[in-house]
């Protein structure tokens, strides 16, 4: 992503969707696997598979706080393609995480 595009990223509302291809991530290895990170001026968005085998999305809004949403992915088959999606809305005060098209976690934003 180009620098000027990062500057235009809407931290207030949006979505991220991507595929994890077969064999790319072991979901139950207790290792950290960064998947996505973006740092526009007003905050950060990042997704990782953490050492507790949970998929985690963090929405950091400078001057407001942080919202996390997570889901245990240790049972996912690493030999199958998986779709990951997350949506966030400051207006609606929520963050939602999807795995393979199913809503698996929701978090209320404090701001």
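Summary of values
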| quantity | calculated |
| --- | --- |
| Test: residue in region 36-44 that is within 26 Å of residue 7 (Cβ to Cβ), without any contact (Cβ under 8 Å) to a residue 60 or more places away in the chain, in contact with a helix residue (DSSP H, G or I) (Cβ under 8 Å, 6 or more places away or on another chain) and part of a strand (DSSP E or B) | yes |
| Every pair of residues 6+ apart whose Cβ atoms lie under 6 Å, when the first sits in region 87-105 and is farther than 19 Å from residue 76 by Cα while the second is not in a strand (DSSP E or B) | 90/12; 93/109 |
| Answer residue from region 1-18, given it is surrounded by 11 or more Cβ atoms within 10 Å (Cβ to Cβ) and modelled with pLDDT of 90 or more and is farthest from residue 67 (Cα to Cα) among those | 18 |
| Top-ranked residue in region 19-44 [being modelled with pLDDT of 95 or more and crowded, with 16+ Cβ neighbours inside 10 Å; ranked as nearest to residue 9 (Cα to Cα)] | 35 |
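The values are calculated or read from the model by the stated rules, or taken from the named source; none is laboratory data. Only a predicted model underlies this, so the values are computations on that prediction, with no experimental measurement involved. Quick reminder, even Gly has a Cβ in these numbers, built from the backbone with ideal geometry, and neighbours come from all protein chains shown.
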